[in-house]
Structure formats: structure tokens, C-alpha cells
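Engineer: Below is one structure. I have some questions about it.
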Amino acid sequence: MTALFQLDDRPLLSVKGLTKHYGSRIGCADVSFDLFPGEVLGIVGESGSGKSTLLSCLAGHMTPDQGQVIFRTTDGPRDTVTMAEAERRRMARTDWAFVHQNPRDGLRMGVSAGGNVGERLMAIGGRHYGDIRAKAIDWLGRVEIAADRIDDRPRAFSGGMQQRLQIARNLVTGPRLVFMDEPTGGLDVSVQARLLDLLRGLVREMGLSAIIVTHDLAVVRLLADRLMVMKGGHVVEQGLTDQVLDDPQHSYTQLLVSSVLQV
Amino acid sequence: MTEHSYNFAYLDEQTKRMIRRAILKGVAVPGYQVPFASREMPMPYGWGTGGVQVTAACLTPDDTLKVIDQGADDTTNAVSIRKFFQRTAGVAVTEATTEASIIQTRHRIPETALSAGQILVYQVPIPEPLRFLEPRETETRKMHELEEYGLMHVKLYEDIARHGTIATAYAYPVKVEGRYVMDPSPIPKFDNPKLSNSPALQLFGAGREQRIYAVPPFTTVVSLDFDDHPFQPTKAPHDCDLCGASESYLDEVITDDQGGRMFVCSDTDFCQTRRASGHIGALGVPVSEGDAA
């Protein structure tokens, strides 16, 4: 009985004073937050508010000018900004996953769906063709892609399928932290809804922590536990998703919430 | 025959020195692609400008040179390069693998086992094994640096998924001494086992791409594969029609437009030597009765 309620109170990711400048312009400034295991954090804001810069710094694609990104690895907390590149890249293909807005950035378009899903397995030492293929089929099933499409190139897939394939490719190694950059951007609403459903299921089922960058408030309403609102590189408001969306305090958040079209 | 208006072996001494430094670094780090300042050579790219520069840097007046192209000593490419070094270096040339001290080759490793002291120089068109999977040179260098070679297996995976077996038949990727993944130049995968633990020094030169790499003597070279799809060297399932050899790599020669064909050793020196010592294949005649080829 006690085990059920034993919540892990140590953060998985702890960000302190993260700052990135582009020359004299601010990318993002003095961002700090904690992300706990199993928690989904949404980052919203208008274009140019620094949310993508922040995500790139967190995922190690860009080096921040200041600040710490402390990730709880299997052998204790480590600052990923200062760790060796080899180690960071190894982590990026085991413990982390990155879902790009455009599946073309995250997939190898010239390689079959099975090869795309299998790449991370082979990157961490998978050398048994049968096992890799079985795992790829299993994951294609989980993201609702028919098993007989395994040898097709992503080019032959629709936009929604490409995005689901990208998710399968990222989650196959069982990461603990997923970064998503506008995962539903560019998809039509019904496909978006299915993808969100799928993501929500996978996140809950695998107990993933996720950071989702988006400008779509409906996406964070569905997926995120907590919300961070950014403007001009600064975090202007953060709190529980429902609390921020239903009772916005900052004038920019109020504007953002009231800008959503009601159908 | 030597034209004394050329420096020995065509290249100037400073260039040869620069190439030798690259070769030494390549030997010190087996399988690592060393950049070098490749020179314009008096032949087009694709004809072996990299191999020629490496050979020029290794040649001494006492050397005996053999040049082969697809195993043959008598094709245009081989004849031209041999003549080039006869004119510019005045070195002795031979067609016999055992008598040569330097062998420049395109697309084959001689059938006759190499011995200590010999140098085998490969002509390499594209030195980067990851090129067609990852076009960014900055990224492939990073992958070599950090030993991230999972992508190489993606290529083999694609082969099996499409063809049921690893269909890559030439330029089959290898891992050198447990560290660098290397493109062994477009030799047939039949030759891959000969790369490993060879007593000869193997040098690879890519002229257009400006890279030199090396496999020093007695270095372990392993062909990449999957546990359930192991590496298999392949050749045409025939014996040589001229010399009857069953263990050599074969060329298929179309003899007429009625579907006639014959299989002959791609290594001409190997075939000649066998025929001279009395071996006769299905379509061959004894050497003394005239040239059957």
C-alpha cells in the first residue's frame, strides 16, 4: 500500500539560470525549473519567445552561455552542459529522445521504416537482425502503423504516419526524458487528435517525463501537467496547466488565452 | 627510358615528404583517414591519382613495381600507370606478384598470398564508408571520433530487409583493430578476409577526396555483420575455365551473342602461373600449344 504512494521527490531534470544570447539579442534568459519523473511540462509562447532556443539548450543541440542543466543519470546527477560530448551523445540516444516538428528532420528519409526504428537499437549495440526487426514491428504496432509497411520508406507515408514513425524511432530504446518541438505542428486537426491520444497513452504507460514546446494551447491542455509561459526570452508565468489556463495572472498569458478561437 | 627532366617518381621531394608523413600517421592509427594535400596528377581523377601519389612517395630506385586493375596486369589503367612510373622513376616492373615489392591495385587483392616487406597500394574513390548514409562530413568525422558506428549496420539492415541477405558485394565495410570503420576501397567482399593479418603493409590513397589511410602488417580487420546474418565472402560458383582453379575470384566473360560465356580468374598473373605449371580448365589448352585466352 505504501509503495503505491511512494512518489519520487527528486527531480529528473533540474535547470538553473539557463541563458543563451545570440550576439546582443536574448535567446532565453535566466530560466530555472525542475522536472520530476513522470511529469509532462509544456512550454508555450509566441514565435520568437525563446522556447525553441530553450529546448535546444536543454537537449544539448546548443551550448548555453550560462546556467546548469542537471540530469539525474543512472549514476547520480550530472550537469549535461559540462559533460564530455561523447557522453552527452550517448545519453541522447539512450536516456533522451527528441521529436522534431518536421519528421524530415528526425527521420532518415532514404531508409525503410524498420531501419529508422532499428537505428537507435543498432547504435547501442544491437547486432541481431531478427531481434531488431521484431522490436521494430512491435513498435510500429504501438504507433498504429501496419506491420506490412515496415519495409516502406518514410517518403511513402502520410504526414501523420511520418510523425508517428518518428515517435516510435525515438521511444524504442525506452528513454526517460522526451523533448518534443511542436509535435503536432503541420498536421490537420483529426490527425492531431489521434497523435495526441497516442502520445498521452505512451507517456502514461511508459512513465515518461516530457518537455513539450508548442504554441497550441489545446495540446498542453491535453498533455501537460505543468505549464511555463515565455515571452521575449523570459519565463513570465508558470504553474499547473489548468490553473494557468483558467486563471492567467500575467497580462501576456491573459492575452494568449483570450486569443484562442472558440468554435 | 627514364626522362631526367622529371624528379624521381614525378612528384617533388617536399610533396613526397608530406605524403610520407600522412602515410606514417595512417600506419600509426590504423583505419583513420589522414587528410593530405593531394596534388594534380597528369591523369584524370578516377584513374588512381591517390594510389599513384602514395606509390610515388613509397618508391625507391631498387623497387620492383606491379600494377593491377581489377586483377589484370594488361588493362589500360594498369598499363598506363606502369608506363608512367617506368618513364618517371625508371624502376623495374613485373607482372609476378611474388617478385614485386610495391603493388598498386584497383579493385582487387592478388590471389597469391603477400609476404613481409611488400606494400600493397589501393586506389580509393570514396574513402568515407558512412558517406551515403550521412552526407555531412562534419558529422561523419564526429561519428568516427566518438565511435558511433550504429549507422553502418543500418545499411546492412536495409540490405537484408530488401534482399533477404547482405547484398553489399564490394566496398564491404570493415572494422580495423576494433576501432575505426573503414571502406576497403571497391574490392569484392571475397577479398575482405585477405585484409586481416596480412604480412604486407596496405596503404589506401584517395586523390580527389585527399585522404590516406593504412592497415599495417598483422592488423585484425573484421567485416561487419549481424549475429544471425554472418559475413560471407562470395564468388561465382564455378572453376576457372582456363586454369581450373576453384578458389580464385572469377570474371564472367561473354564470348558471343548466343549466351556463350566463360569464367576466368580475374587475377591474370595467378591464372598464368597455374597454367604454366600444367593446370588446365574446362575450356583451356596447355600453354605450349598457344595462347588460349
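Engineer: Filter the stretch B:121-140 down to the residues that are under 30 Å from B:GLU99 (Cβ atoms) and in contact with a Ser or Thr (Cβ under 6 Å, 6 or more places away or on another chain) and list them by number.
Structural biologist: Matches in the stretch B:121-140: B:VAL121, B:TYR122, B:VAL124.
Engineer: Let me ask you something else. How many residues, within the stretch B:64-92, are hydrophobic (A, V, I, L, M, F, W, C), surrounded by 17 or more Cβ atoms within 10 Å (Cβ to Cβ) and over 25 Å from B:TYR170 (Cα atoms)?
Structural biologist: Our first condition is that a residue be hydrophobic (A, V, I, L, M, F, W, C); within the stretch B:64-92, this holds for B:65, B:67-68, B:72, B:78-79, B:81, B:84-85, B:89, B:91-92.
Next, from what is left, pick out any that are surrounded by 17 or more Cβ atoms within 10 Å (Cβ to Cβ): B:65, B:67-68, B:72, B:78, B:81, B:84-85, B:89, B:91.
Keeping just the survivors that are over 25 Å from B:TYR170 (Cα atoms) gives B:65, B:84-85, B:89, B:91.
Residues meeting the conditions: 5.
Engineer: Among the residues of the stretch B:122-142, is any crowded, with 18+ Cβ neighbours inside 10 Å, in contact with a Pro (Cβ under 8 Å, 6 or more places away or on another chain) and not in a loop (DSSP other than H, G, I, E, B)?
Structural biologist: So far as the stretch B:122-142 goes, yes, one or more of its residues are crowded, with 18+ Cβ neighbours inside 10 Å, in contact with a Pro (Cβ under 8 Å, 6 or more places away or on another chain) and not in a loop (DSSP other than H, G, I, E, B).
Engineer: Would you mind stating whether B:VAL154 is of a type in the set (Val, Ile, Thr) and touching a Ser or Thr at 6+ places or on another chain (Cβ under 7 Å)?
Structural biologist: Values: of a type in the set (Val, Ile, Thr): yes; touching a Ser or Thr at 6+ places or on another chain (Cβ under 7 Å): no.
Judged against the criteria, B:VAL154 is not a match.
Engineer: Scanning the stretch B:194-240 for residues that are among the small types (Gly, Ala, Ser) and touching a Leu at 6+ places or on another chain (Cβ under 7 Å), which turns out farthest from B:VAL124 (Cα to Cα)? Talk me through it step by step, then tell me what you get.
Structural biologist: Within the stretch B:194-240, the subset among the small types (Gly, Ala, Ser) is B:196, B:198, B:200, B:205-207, B:214, B:223, B:236.
Adding the requirement that they be touching a Leu at 6+ places or on another chain (Cβ under 7 Å) leaves B:198, B:200, B:214, B:236.
Details: B:SER198: 19, B:ALA200: 18, B:ALA214: 12, B:ALA236: 24 Å.
Top of the filtered list is B:ALA236.
Engineer: Would it be correct to say that B:SER223 is of a type in the set (Gly, Ala, Ser), within 14 Å of chain A (Cβ to nearest Cβ) and crowded, with 16+ Cβ neighbours inside 10 Å?
Structural biologist: Numbers: of a type in the set (Gly, Ala, Ser): yes; within 14 Å of chain A (Cβ to nearest Cβ): yes; crowded, with 16+ Cβ neighbours inside 10 Å: yes.
Considered against the rule, which asks whether it is of a type in the set (Gly, Ala, Ser), within 14 Å of chain A (Cβ to nearest Cβ) and crowded, with 16+ Cβ neighbours inside 10 Å, B:SER223 comes out as yes.
Engineer: Can you tell me which of (1) of a type in the set (Val, Ile, Thr); (2) in contact with a Gly (Cβ under 8 Å, 6 or more places away or on another chain); (3) within 14 Å of chain B (Cβ to nearest Cβ) is the one A:THR214 doesn't meet?
Structural biologist: (3)
Engineer: Right, next: In the stretch A:133-152, how many are over 24 Å from the mean Cα position of the chain (by Cα) and at the interface with another protein chain (Cβ under 10 Å from one of its Cβ atoms)?
Structural biologist: Our first condition is that a residue be over 24 Å from the mean Cα position of the chain (by Cα); within the stretch A:133-152, this holds for A:133-134, A:146-152.
Next cut, at the interface with another protein chain (Cβ under 10 Å from one of its Cβ atoms) only: A:133, A:150-151.
Qualifying residue count for the region: 3.
Engineer: List the residue pairs whose Cβ atoms are under 7 Å apart, where the first residue sits in the stretch A:78-94 and is facing another protein chain (nearest Cβ under 9 Å), the second is small (Gly, Ala, Ser) and assigned to a helix (DSSP H, G or I), and the two are 6 or more positions apart or on different chains.
Structural biologist: Filtered contacts from the stretch A:78-94: A:ARG93/A:ALA123.
Engineer: Does A:LEU55 qualify as being surrounded by 18 or more Cβ atoms within 10 Å (Cβ to Cβ), more than 22 Å from A:LEU195 (Cα to Cα), hydrophobic (A, V, I, L, M, F, W, C) and at pLDDT 90 or above?
Structural biologist: On the way: surrounded by 18 or more Cβ atoms within 10 Å (Cβ to Cβ): yes; more than 22 Å from A:LEU195 (Cα to Cα): no; hydrophobic (A, V, I, L, M, F, W, C): yes; at pLDDT 90 or above: yes.
Criteria not met by A:LEU55.
Engineer: Within the set of pairs 6 or more residues apart or between chains, which connect a residue that is under 20 Å from B:VAL29 (Cβ atoms) and within 8 Å of another protein chain (Cβ to nearest Cβ) inside the stretch B:136-163 to a residue that is surrounded by fewer than 19 Cβ atoms within 10 Å (Cβ to Cβ) and aliphatic (A, V, I, L, M) with Cβ atoms less than 7 Å apart?
Structural biologist: As it stands, the answer is B:LEU146/A:ALA86, since those pairs meet every condition given.
Engineer: When the residues of the stretch B:226-247 are narrowed to those that are within 14 Å of chain A (Cβ to nearest Cβ) and among the hydrophobic types (A, V, I, L, M, F, W, C), which ends up farthest from the chain's Cα centre (by Cα)?
Structural biologist: By that ranking, first place goes to B:PHE226.
The values are calculated or read from the model by the stated rules, or taken from the named source; none is laboratory data. What you see is a predicted model, and the numbers here were worked out from it, not measured in a lab. Here Cβ is always computed from backbone atoms with ideal geometry, including for glycine, and neighbour counts include all displayed protein chains.
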